[in-house]
Structures are given as structure tokens and as C-alpha cells.
Amino acid sequence: MEPIRTLRSRTVVLAVNDIDTDQIIPARFLTTTTREGLGRHLFADWRFGPDGAPRADFVLNQPQSSGSSILVAGNNFGCGSSREHAPWALTDFGLRAVVSTQIADIFRNNALKNGLLPVIVEPSTHRWLLEHPGAEVTIDLDTTSLTLPTGETARFPLEPFARYCLMNGVDELGFLLGREAEIAAYETLRAPA
Amino acid sequence: MSAPLTLFEKIWRSHEVLPESADTPAVLYVDLHLIHEVTSPQAFTVLRERGLPLRRPDRTFATMDHSTPTRTEQVFGGAPISVEAAAHQVRELERNCAAFGVELLGLGDARRGIVHIIGPELGLTQPGKTIVCGDSHTSTHGALGALAFGIGTTEVGHVFATQCLLQRKPRTLAVNVHGKLPAGVGAKDLVLAIIGRIGVSGGTGHVIEYRGETIRALEMDERMTVCNMSIEAGARAGMIAPDETTFRYLAGRPRAPQGGAWEAALEAWRQLPSDPGARFDREIDIDAATLEPMVTYGTNPGMVMAVGGTIPERTGDAVFAKSLAYMGFAPGERIQEHPVNVVFIGSCTNGRLSDLRTAASVLRGRKVASGVHMLVVPGSQQVKREAEAEGLDRIFIEAGAEWRESGCSMCLGMNGDLVPKGHYAVSTSNRNFEGRQGIGARTLLASPLTAAACAVRGRITDPRELL
């Protein structure tokens with residue numbers, strides 16, 4: 001995984017609450033056995049019409065969204081199923097951060113493991129972002145803060161170990177494999193049958 | 001004397017290989033890892049890429065359910081699986097389980113079924129265990145007093161390689177339910193009412209413990225329905241303290257402890273319930289006696305009301321308006337008597353024997369209304385056999401419903417069991433998200449009793465009219 005320290009991008013705004021993982025990637029695309037190439041199915045039923053043509057009124061199809069890597073979404077982004085295909089589709093599409101007031105637990109865990117930053121901000125910052133689509137913002141992991149073009153800065157919570165992994169481009173599996181002695185001892189002494 | 005602990009805290013503590021610190025999450029041991037064909041292939045790929053063994057095949061258990069066919073000839077041979085990519089996933093799981101020594105209940109196995117139905121059914125799910133699966137409805141297993149939650153595929157890989165997960169300790173939410181559920185109101189109505197009350201993100205960051213005399217009075221199938229939908233309130237896990245109902249359910253099941261081990265297990269399980277005075281981070285109270293049969297009207301499970309209710313008005317809420325537009329409903333509208341096109345009985349929420357009995361009790365001697373497609377999909381092959389032994393299949397078939405082999409089926413339509421565009425489906429499943437049951441499908445979540453009543457009348461119906 002590529003280390004991430006700062007991310008600077010214009011935002012794309014999808015002002016919908018409770019965007020579930022069935023919207024992020026519908027179940028009919030989960031029959032894959034790999035994790036690659038899912039960006040083409042991102043928000044499939046919102047992005048494309050019944051004939052497969054892109055819908056001009058959907059924000060990710062509009063020219064100003066091109067190249068943007070920060071998605072600002074309504075409250076409770078990523079609710080629903082545990083499918084990791086959701087962050088795989090978002091990152092394959094080119095997104096590196098999702099900003100909301102609340103992000104669902106399983107999605108947030110999955111995002112962190114795929115270099116997709118779940119950024120939870122206060123309602124006032126969120127409101128500003130919703131009202132200013134395309135604003136150039138900076139997300140900094142050193143200070144765990146998001147800076148608006150106004151110069152205002154908002155701190156966001158980020159689990160320290162996940163932050164360490166993101167900033168150093170390492171994954172959690174290495175850490176767990178390094179706890180082999182403790183795991184073996186637990187199994188010998190304490191684990192139930 | 002030590003401080004009183006909750007059920008959750010007792011299980012959490014006994015599974016900490018390493019407790020959490022400021023810098024690192026806890027290393028939590030996993031007793032049982034359930035896998036299926038959709039969220040495991042990429043995790044097996046990681047093992048191969050890194051040259052790692054699967055650490056505890058004996059604690060790993062596989063079945064196939066999400067994308068599998070429900071037509072008999074496609075399950076047992078005679079016809080190819082109609083969704084080619086699903087057939088590939090089935091073969092891939094067979095290959096992976098064989099390569100890594102994982103026990104698999106494959107497509108033709110008499111014990112196969114939806115992973116959250118067969119775990120309890122086989123007695124694999126037990127009080128006090130930590131159970132994970134790459135599926136959000138793993139919360140179901142908490143009904144037996146386990147700590148069970150859904151994980152992503154990267155985490156499936158972590159459990160494969162180390163039998164552990166890195167986890168921050170969640171907060172606890174007690175949902176205290178009091179009073180007797182009225183006639184015609186069941187566990188599904190109860191959990192829909194709870195989600196309506198706390199909202200689809202109300203449980204985020206929390207593990208729910210369902211408590212109170214109403215919960216104690218529920219049978220195991222009903223408790224599983226309640227815990228199953230915890231995730232629809234945002235909570236990764238829902239739990240119910242084990243009691244005599246739990247022990248009666250587990251006794252004699254093939255993978256439950258037997259003989260002397262059973263007595264020892266009972267002794268340990270009796271220590272699990274939350275201690276008197278144990279503190280929860282949050283508590284809410286629900287009066288079951290005031291509840292009515294519930295139905296969803298929107299595109300998330302929190303958009304729910306009594307069947308006879310009126311869709312609320314939320315002036316200026318564009319998202320709410322978009323959701324109602326998708327459903328073809330309007331603020332202030334009553335949906336009782338609205339025509340229905342499809343009725344689905346099944347899923348990990350309501351695919352157990354008691355659910356089928358409830359639906360059959362409505363259909364006995366009646367017909368599915370003309371123009372309504374009713375699909376009944378048992379949660380497991382065992383549920384199917386038990387239902388057939390009671391003659392439930394005849395009741396469904398004679399009423400004009402379809403009776404299928406087990407699987408997730410129309411809950412998410414991966415296997416091609418889909419609701420047509422624009423059609424109204426009353427479904428006993430768990431999610432009414434846009435497109436969940438098919439592109440443009442309009443899902444109304446309800447109990448098996450309500451769904452069966454809607455099938456008979458061809459309209460949204462309060463099931464108490466048919467009792």
C-alpha cells in the first residue's frame with residue numbers, strides 16, 4: 001500500500017444520507033473473485049441509465065468531478081452490508097477519502113484497510129462542504145485535520161494504529177503475524193474448545 | 001468483589017489475546033470463523049500471495065448461500081447454474097476449501113443453508129463464543145449469547161492467517177423491552193420498531209444487548225430475527241443473554257457439546273449473563289404492548305411505520321422525497337390496501353421453521369391473490385425437510401406459491417431471483433435499499449405473518465384482519 005500523508009483535492013459532493021453499500025456497488029457485481037476493476041461498477045444504478053449510458057445529471061459523470069479524490073457524502077455513509085467491494089470500487093475509481101458526519105462501522109474498517117480515508121467532521125464543517133462542491137481541501141494525517149479553502153481547519157478522529165499503517169504504507173496483517181507467540185500462548189492456556 | 005460486567009464485556013475480556021492500548025487495538029481471538037463463496041475468494045488469494053497457511057482450519061467452517069441457485073435442478077444437477085459468475089464462485093470455494101483443509105457444506109449437502117441459519121442449527125453457534133463472518137448479518141448468532149459480527153474480506157484474511165482480529169472495544173447499548181407483544185405482532189415487528197426508534201445509524205459504534213421480559217419470552221428463532229437486524233440500526237453486534245430457552249435449543253445438536261462436556265458448558269454459559277448493576281453506555285426502553293404490525297415505506301429499514309399508518313411529511317428533506325419517489329409513495333399517504341406484486345418469505349432474518357409455519361398458517365385453505373408472485377425459500381435444507389415433514393410445502397404450493405431450495409435468494413438477488421423493475425415486493429428479508437432485490441424493485445419489509453396476509457389479499461394488509 002502507498003503511504004498517505006496528505007491529500008489535496010477538489011471535492012465531489014453527494015448530499016445523500018444513509019448511502020448504503022448496495023448503492024456503492026450493487027450485489028450483482030459481487031460475483032467476482034478478484035478485487036480489481038470494480039470502479040466501473042461504482043454507484044452503477046445512479047451513474048448509468050437502463051441502457052447503460054451515463055446519466056448526465058449524476059455528479060460523478062460531470063466534467064468538474066474528473067480527477068477529484070475526495071467524496072463528501074451525507075450522514076451515515078457506507079451502511080448496510082460488509083462487502084469490501086465498496087471501498088475497492090471507490091478506490092479503483094480514484095477516490096481516496098470520504099467525508100461525512102458519520103460513517104458506518106464495517107465500511108470504515110474496510111476503508112482503512114484499503115487506503116481510503118474515512119473522515120468524520122462536525123456538522124458545521126460538513127454543512128460548509130455540502131454548500132461548496134468542488135472546494136479545494138487538504139486532508140493531513142500528521143495533524144489529522146481537514147483544511148478548507150477559507151483557512152479554517154477541522155480535526156477528525158482517526159484510530160492511532162490505522163493512522164500509523166496508512167502513513168507508513170504497512171498493513172495490519174504484518175502486526176498480527178508478529179503476535180504469533182501471544183496467540184499460541186492464548187490458544188494453549190485460555191481458548192475455549 | 002469485582003465490578004459487575006455486561007455479557008459483552010465478559011466475552012470480550014475472555015477473548016483478548018492482548019488488550020487494547022492507546023496505540024494499538026486489542027488482539028481479539030476468534031472461536032469460530034464462518035465463510036461463504038462471495039466474501040472469501042480474495043482472502044484466500046492473500047494467503048496464496050503471501051505463502052501463508054490457514055492457521056486453524058478446525059475453527060473455520062464454509063458453506064455457500066449468497067449466489068447459489070434455488071431451483072432444484074440447478075442445485076442437485078440436471079441443469080447448469082444459470083448465473084455463470086455464481087457457478088464460478090461455487091467452484092472457487094470448493095477449490096479453496098479443499099486446498100486449505102476447510103470443512104465445506106457444498107451445494108448438494110443435506111446440511112447446507114444460509115450461513116446464519118445453519119450455524120445455530122448445527123450447534124456450531126454457542127454462548128460465549130466469538131464468531132465472525134464476511135457478512136453483516138453475522139449479528140444473528142448473538143441471539144445465543146455469542147459475540148458475533150460481520151467483517152470485511154481483508155479481515156477474513158486476518159482470521160485465516162492468525163485466528164485473530166485487531167479491534168477497538170465498542171460501546172454498549174441496552175435495549176430493554178417490556179410488556180407482552182400483542183396478537184399478530186412478532187419479533188420482526190419488534191426489531192423494525194426498534195430501528196424506527198433509534199434510526200439506521202443509532203447503533204453505530206455499539207454492541208446492542210436486548211433485555212427485558214419480552215426478550216426472555218421469545219423463542220430462539222424469534223431472538224435470531226431480532227439480533228439479525230441489529231446491523232440495520234448500525235450496530236455490528238446484537239446479543240441476548242443465554243438462558244434455559246437457549247440451552248433447550250442447543251441440547252443434542254450435532255456440533256453442540258455432548259455428555260460431560262455439555263454439563264461443563266452449561267456451567268460456563270450460566271455465568272455469562274450481564275451481572276446485576278452492570279453499566280451500559282446507553283439504554284433505551286421499548287414498550288412491546290403498544291406495538292403493531294410494521295411495514296417499511298422507504299428505502300432504508302428506519303423508514304418504517306405501523307401497517308395502518310400514514311407516511312410522515314418532512315418538508316424540505318430532498319433525500320426523503322427522493323426515497324419516496326423511488327417507492328412511488330407520497331408524504332401523508334396511507335399504504336394499507338396498496339397493490340402488491342411479489343411476496344418473498346425467506347432470508348437469514350425470517351427463513352427459519354417457525355417463520356414458515358407462521359406464513360403457512362395464513363395460507364392454509366387460502367390462495368395467493370391473482371397476479372401476485374409468491375416465493376418461499378427455506379433458510380436451510382434442514383428447515384426445508386422439517387417444513388416438508390409437516391406438509392408446509394403442500395400448503396404453499398396449493399396456495400399458488402413457489403417452493404424452492406435454500407439460500408439467500410431474493411434478499412439480494414445475486415442468484416437471479418429478482419423483483420422486476422417498479423414492482424412492489426413485501427419481503428421478510430432485512431434490507432429495502434434501492435435496487436437491493438432488483439433494479440428499480442420496491443421493497444416493503446414486513447413479518448412473515450404480514451407478508452403472507454399481503455399475498456392472500458394482493459394488497460398491503462394488516463394481518464390481524466385474517467387471524
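The values are calculated or read from the model by the stated rules, or taken from the named source; none is laboratory data. All figures in this text were calculated on a predicted structure; none of them were measured in a lab. Don't worry about glycine lacking a Cβ; one is built from the backbone with ideal geometry, like all the others, and counts go over all protein chains shown. In case anyone asks, the SASA skips ligands and DNA or RNA and just uses the protein heavy atoms, side chains included. Shrake-Rupley method; radii C 1.70, N 1.55, O 1.52, S 1.80 Å.
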Output for segment B:108-123, where each listed residue is open to solvent by 20 Å² or more (accessible area, probe 1.4 Å) and in contact (Cβ under 8 Å) with a residue 40 or more places away in the chain: B:Asp109, B:Ala110, B:Arg111
Test result for B:Ala110, in a loop (DSSP other than H, G, I, E, B), of a type in the set (Gly, Ala, Ser), at pLDDT 95 or above and under 30 Å from B:Glu402 (Cα atoms): yes
Qualifying residue in segment B:55-75 (condition: in contact (Cβ under 8 Å) with a residue 24 or more places away in the chain, open to solvent by less than 50 Å² (accessible area, probe 1.4 Å) and on the phi > 0 side of the Ramachandran plot): no
Given (1) over 21 Å from A:Leu176 (Cβ atoms); (2) more than 8 Å from chain A (Cβ to nearest Cβ); (3) in contact (Cβ under 8 Å) with a residue 12 or more places away in the chain, number of the condition B:Glu84 does not satisfy: (3)
Qualifying residue in segment A:170-177 (condition: open to solvent by 20 Å² or more (accessible area, probe 1.4 Å), of a type in the set (Val, Ile, Thr), more than 8 Å from chain B (Cβ to nearest Cβ) and more than 28 Å from B:Glu16 (Cα to Cα)): no
Where B:Gly157 falls short, out of the listed (1) small (Gly, Ala, Ser); (2) under 18 Å from the mean Cα position of the chain (by Cα); (3) surrounded by 24 or more Cβ atoms within 10 Å (Cβ to Cβ): (2)
Within segment A:32-83, tally of residues that are open to solvent by 30 Å² or more (accessible area, probe 1.4 Å) and in contact with a Gly (Cβ under 6 Å, 6 or more places away or on another chain): 3
Selection from segment B:368-387 of residues that are open to solvent by 40 Å² or more (accessible area, probe 1.4 Å) and not polar (S, T, N, Q): B:Gly371, B:His373, B:Arg385, B:Glu386
Selected residue [within 22 Å of A:Lys113 (Cβ to Cβ) and of a type outside the set (D, E, K, R)] from B:Gly113, B:Gly150, B:Gly145: B:Gly150
Whichever residue in segment B:239-258 is away from every other protein chain (no Cβ under 13 Å) and among the small types (Gly, Ala, Ser) and, among such residues, is nearest to the chain's Cα centre (by Cα): B:Ala241
Within segment B:388-421, tally of residues that are of a type in the set (Gly, Ala, Ser), over 27 Å from B:Ala85 (Cα atoms) and crowded, with 24+ Cβ neighbours inside 10 Å: 1
Meets criteria (crowded, with 17+ Cβ neighbours inside 10 Å, in contact with a helix residue (DSSP H, G or I) (Cβ under 9 Å, 6 or more places away or on another chain), within 27 Å of A:Thr144 (Cα to Cα) and more than 14 Å from chain B (Cβ to nearest Cβ)) for A:Arg10: yes
Residue identified as in a loop (DSSP other than H, G, I, E, B) and either away from every other protein chain (no Cβ under 14 Å) or on the phi > 0 side of the Ramachandran plot (or both) among B:Val191, B:Val185, B:Val226, B:Val200: B:Val185
Matching residues, segment B:20-48, being without any contact (Cβ under 8 Å) to a residue 24 or more places away in the chain and within 11 Å of another protein chain (Cβ to nearest Cβ): B:Ser21, B:Ala22, B:Asp23, B:Thr45
Test: residue in segment A:108-115 that is more than 14 Å from chain B (Cβ to nearest Cβ), part of a helix (DSSP H, G or I) and open to solvent by less than 10 Å² (accessible area, probe 1.4 Å): no
Set A:Pro157, A:Pro118: member being open to solvent by 20 Å² or more (accessible area, probe 1.4 Å) and free of Cβ contacts under 8 Å to residues at least 60 places away in the same chain: A:Pro157
Sole exception among (1) among the polar types (S, T, N, Q); (2) within 14 Å of another protein chain (Cβ to nearest Cβ); (3) open to solvent by 10 Å² or more (accessible area, probe 1.4 Å) for A:Thr21, by number: (3)
Some residue of segment B:404-420 being farther than 23 Å from B:Thr72 by Cα and either away from chain A (no Cβ under 14 Å) or charged (D, E, K, R) (or both): no
Failed item, numbered, when A:Glu131 is tested on (1) modelled with pLDDT of 95 or more; (2) farther than 21 Å from A:Asn75 by Cα; (3) charged (D, E, K, R): (2)
Residue tally, condition within 11 Å of another protein chain (Cβ to nearest Cβ) and in a loop (DSSP other than H, G, I, E, B), over segment B:147-177: 5
